[in-house]
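The values are calculated or read from the model by the stated rules, or taken from the named source; none is laboratory data. Owing to the predicted nature of the structure, the values given are computational and were not obtained by experimental measurement. For neighbour counting, all protein chains shown are included, and Cβ atoms are generated from backbone atoms with ideal geometry for every residue, glycine included. Areas reflect the complete protein model, heavy atoms only, side chains present, ligands, DNA and RNA absent. Shrake-Rupley method; radii C 1.70, N 1.55, O 1.52, S 1.80 Å.
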Amino acid sequence: MPEQSRVWAEARSSIHPIRVGTAGFEGELETDVREGQLCLSTPTRIELAVELLKSNNSLVDAELRRKLESRKHPRIEGRLREARPLPGSRCLLRGDLTLHGVSRSLEVEVLVRAPDPDTLEVEDTIGVPGEPFAAVAADDRAYVSTSSASYDAVSVIDTNTRTVIATYPLAFGVTALAVCPHGKRVYAGRTGHDHVDVAVIDTTAERVGTVDIATGAGIGVDAIAIDPTGKWLYVATTDARGSQLVVVDAETARVDRKVWVGSPIRDLAFAEGTAYVLTSDRARGGAVSVIDMSTNRITDTIELGIGAPTQMTLSPDKTRAYIVDYDHVAVLCTLSHEVVNTVAVDVRPSCVTVNSDGGRLYVADYAGEVNAFSVATTVPLRYSQFVATHPIALPESRELEPATA
């Protein structure tokens with residue numbers, strides 16, 4: 001059904017990316033089940049008329065047809081020569097793509113799914129320039145910070161079309177990333193020589209500004225976060241003297257106040273005017289400082305014991321904080337300020353997150369697996385296991401006791 005078959009593509013120019021999309025694929029797609037999973041097979045052949053490629057800009061479309069010599073080379077053709085199943089419902093494809101009269105051999109990994117008997121979905125990974133190391137999302141956009149030999153940058157991904165729609169070079173030293181709730185501003189914490197600042201990307205105006213944060217010997221940005229209203233930006237810094245939480249008015253782009261913390265900061269979380277600051281040092285181990293942001297004072301310090309905590313996330317109802325420590329995840333009740341549970345995993349955990357209703361906790365580890373836990377559930381689990389793309393593998397969900405006051 002050519003009218004229901006869609007493709008998106010991106011080309012690079014010396015000025016900006018050119019994004020095109022269309023329906024109208026023609027050809028044949030063969031599939032079979034090998035090693036228990038769906039995969040493409042030969043013969044698979046697809047064709048697309050160059051005239052169908054549209055960018056919603058008539059001048060760009062005319063130039064694209066001229067460059068591709070659409071009258072001389074009216075069609076784009078792809079032929080599959082080999083397909084091999086990979087773990088996680090992925091397939092390794094080798095084939096030939098003919099564009100502008102030139103054929104090239106390609107090798108890609110794709111995800112093949114059949115959401116219903118009449119639909120086949122084939123997804124490729126999204127490439128970004130450089131090595132990605134942090135990502136945030138708002139609405140239908142994902143923002144990925146990357147590092148390369150030339151510069152650090154933030155790439156903007158349209159999650160609907162799965163294409164990179166913009167890239168903002170930011171020089172060197174990006175160490176933290178945050179996005180405001182409405183997605184109009186992206187904040188990148190940068191570390192320079194005895195100086196730190198925040199690059200502010202205005203995604204609407206497509207321009208970059210800078211907020212100077214602090215100076216100091218060996219200073220660095222440990223974490224940044226934006227409050228739910230988008231009014232206040234919080235920047236955690238550490239230098240030779242210790243750490244502090246810098247509060248920035250996001251509207252005026254000016255530093256409003258600073259709160260001294262002390263130990264190196266690992267992560268930040270916020271709930272109802274309260275900041276939870278995760279810290280760690282060799283002498284003290286891990287701790288969470290509770291800061292009343294109306295008075296700028298630390299009201300409590302919750303000791304986590306000897307360990308090396310690295311990341312923290314709050315449950316949607318803000319009653320629990322899940323903290324990644326060296327070989328486990330600590331569950332902190334934000335009402336009683338007590339560690340009420342410990343989640344043990346087989347491999348050292350790397351990061352943790354919780355779904356939107358707070359019913360499932362996901363713990364990723366350095367072996368590339370994600371363990372799923374049921375949290376405070378009162379009904380039987382609908383699924384005994386999850387299926388995810390390679391290299392993520394989810395074993396059976398485990399029960400986790402709820403945190404209480």
task = Give just the number: which of (1) open to solvent by 60 Å² or more (accessible area, probe 1.4 Å); (2) within 16 Å of the chain's Cα centre (by Cα); (3) over 24 Å from S263 (Cα atoms) does T175 not satisfy?
result = (3)
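Is it the case that the range 153-162 has a residue that's over 17 Å from the mean Cα position of the chain (by Cα) and surrounded by fewer than 21 Cβ atoms within 10 Å (Cβ to Cβ)?
The initial filter retains those residues of the range 153-162 that are over 17 Å from the mean Cα position of the chain (by Cα), namely none.
No, every residue in the range 153-162 fails to be over 17 Å from the mean Cα position of the chain (by Cα) and surrounded by fewer than 21 Cβ atoms within 10 Å (Cβ to Cβ).
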query = Of the residues in the range 309-334, how many are over 16 Å from G358 (Cα atoms), crowded, with 18+ Cβ neighbours inside 10 Å and among the charged types (D, E, K, R)?
reply = 1
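Among the residues of the range 139-152, which ones are touching a residue at least 40 places away in the same chain (Cβ under 8 Å) and open to solvent by 20 Å² or more (accessible area, probe 1.4 Å)? Steps first, please.
Residues of the range 139-152 that are touching a residue at least 40 places away in the same chain (Cβ under 8 Å), as a first pass: 139, 141, 143, 145.
Hits for the range 139-152 are D139, R141.
For the range 296-309, how many residues are in a loop (DSSP other than H, G, I, E, B) and closer than 9 Å to G286 by Cα? Before you say what the answer is, go through the steps one by one.
Just the residues of the range 296-309 that are in a loop (DSSP other than H, G, I, E, B), to begin with: 296, 306-309.
Now restrict to residues that are closer than 9 Å to G286 by Cα: 306-309.
So the answer is 4.
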request  = Among what's in the range 184-224 and is within 18 Å of R266 (Cβ to Cβ) and in contact with a Gly (Cβ under 7 Å, 6 or more places away or on another chain), pick the residue that is surrounded by the fewest Cβ atoms within 10 Å (Cβ to Cβ).
outcome  = T191
remark   = Note on the range 344-361: residues part of a strand (DSSP E or B) and surrounded by fewer than 20 Cβ atoms within 10 Å (Cβ to Cβ) are A344, S350, C351, T353, V354, R360
ask   = Of the residues that make up the range 324-343, is at least one part of a loop (DSSP other than H, G, I, E, B), among the small types (G, A, S) and modelled with pLDDT of 90 or more?
value = yes
ask   = Tell me, which strands (runs of 3 or more DSSP E) wholly within the range 91-196 include 3 or more residues that are closer than 30 Å to I219 by Cα and at pLDDT below 85?
value = 131-138
